[in-house]
1. Filter segment 143-168 down to the residues that are under 21 Å from the mean Cα position of the chain (by Cα) and charged (D, E, K, R), then identify the one that is least open to solvent (accessible area, probe 1.4 Å).
2. Looking at segment 113-130, which of its residues are outside any strand (DSSP E or B), in contact (Cβ under 8 Å) with a residue 12 or more places away in the chain and either of a type in the set (F, W, Y) or surrounded by fewer than 18 Cβ atoms within 10 Å (Cβ to Cβ) (or both)?
3. Taking the condition of being touching a helix residue (DSSP H, G or I) at 6+ places or on another chain (Cβ under 6 Å), open to solvent by less than 10 Å² (accessible area, probe 1.4 Å) and either of a type in the set (A, V, I, L, M) or more than 20 Å from T4 (Cα to Cα) (or both), how many residues in segment 194-203 meet it?
4. Considering every residue within segment 204-217, establish whether at least one is buried (at least 19 other Cβ atoms within 10 Å of the Cβ), closer than 26 Å to G25 by Cβ, in contact (Cβ under 8 Å) with a residue 24 or more places away in the chain and out of contact with any strand residue (DSSP E or B) (no Cβ under 6 Å at 6 or more places or on another chain).
5. Listed residues A95, A133; which is farther than 22 Å from Q43 by Cα, touching a helix residue (DSSP H, G or I) at 6+ places or on another chain (Cβ under 9 Å) and not in a helix (DSSP H, G or I)?
6. Which one is nearest to T17 (Cα to Cα), of the residues in segment 228-240 that are open to solvent by 30 Å² or more (accessible area, probe 1.4 Å) and not acidic (D, E)?
7. Collect the residues in segment 218-230 that are in contact with a strand residue (DSSP E or B) (Cβ under 9 Å, 6 or more places away or on another chain) and of a type in the set (A, V, I, L, M, F, W, C), keeping them in residue-number order.
8. Output the number of residues of segment 98-112 satisfying the condition of being open to solvent by less than 70 Å² (accessible area, probe 1.4 Å), of a type outside the set (S, T, N, Q) and assigned to a loop (DSSP other than H, G, I, E, B).
Amino acid sequence: MKPTILITRAIEHALPTQKDVEALGCETLIDALLTIRPIVNDQPISATTGALIITSRNALPGLKNLINIVELPLFVVGKETAALCSAQGFKKIIAVAEQSADLPRLIKLAQSPRAGGLLHVTSEHAHTDFYDALLDAGFGIEQRLVYSADAAASFNANTLNALQSDKLWGVLFYSARTAEIFNGLIAAATVEQNLCKLHALCLSDAIAGMLNKAVWKTVTVAKSPTHASLMDSLRDCLAKPA
């Protein structure tokens, strides 16, 4: 019997992920614990803005009405998101970080606070821990909300049945917020005891930190915070003895 993997990503990202997981010989379930909705915000960009920060591909649909935004110097998290930015017309991708924690170092190397403020286009639930180092260095930061990420109120019927009947092998986590939502839904469904048979595969240490490792069979973190690396981790885990 093929192992069944639960994909918790928003549906537009879950479908490509499903193909890669099934290529590893797995069955899949998709339960989008986040729904991404663009926010139309066509307020002009300030003339004093010196650079743009994009930490998620989910921001891109909400940028289409912003005039001249593709002309700004851009700092972006993730090679895949950078490629999408390039395809959308951004002309000055200055640096690509593996994770948001790397942004202060890259921005300080390439940009002076005197060049203008930083505009972070994001959602209300974005992680902003990296702001502190930039503020300390004299940068001004404006946050512009260009999408919402709405949490699921419950698991879908297929997921709940798989959890209750021990039909799952593992769960993929791509964000700390998704892991947090998963924890809440597990508690509400009173199936936490079933996690002891499941493998959690996480894109980063920050995501793994949201999980109670004591209740899972294993918690694995990708060697780098990329989808390809997480697929490598899944392949390795599948190859290990049960």
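The values are calculated or read from the model by the stated rules, or taken from the named source; none is laboratory data. Everything numeric in this text was worked out from a predicted model, so none of it was measured. Cβ: placed from backbone, ideal geometry, glycine included. Neighbour counts: every protein chain shown. Heads up: the accessible areas ignore ligands, DNA and RNA and are worked out on the full protein's heavy atoms, side chains in. Shrake-Rupley method; radii C 1.70, N 1.55, O 1.52, S 1.80 Å.
1. R144
2. From segment 113-130, those outside any strand (DSSP E or B) are 113-116, 123-130; that's our starting set.
Next cut, in contact (Cβ under 8 Å) with a residue 12 or more places away in the chain only: 113, 115-116, 123-130.
Answer for segment 113-130, where residues must be outside any strand (DSSP E or B), in contact (Cβ under 8 Å) with a residue 12 or more places away in the chain and either of a type in the set (F, W, Y) or surrounded by fewer than 18 Cβ atoms within 10 Å (Cβ to Cβ) (or both): P113, A115, E124, H125, H127, T128, D129, F130.
3. 2
4. Looking through segment 204-217, at least one residue is buried (at least 19 other Cβ atoms within 10 Å of the Cβ), closer than 26 Å to G25 by Cβ, in contact (Cβ under 8 Å) with a residue 24 or more places away in the chain and out of contact with any strand residue (DSSP E or B) (no Cβ under 6 Å at 6 or more places or on another chain).
5. Only one candidate passes the filter, namely A95.
6. Across segment 228-240, the extreme among qualifying residues is A228.
7. Keep residues of segment 218-230 that are in contact with a strand residue (DSSP E or B) (Cβ under 9 Å, 6 or more places away or on another chain), which gives 218-222, 225, 230.
Those that are in contact with a strand residue (DSSP E or B) (Cβ under 9 Å, 6 or more places away or on another chain) and of a type in the set (A, V, I, L, M, F, W, C): V219, V221, A222, L230.
8. Residues in segment 98-112 being open to solvent by less than 70 Å² (accessible area, probe 1.4 Å), of a type outside the set (S, T, N, Q) and assigned to a loop (DSSP other than H, G, I, E, B): 0 in total.
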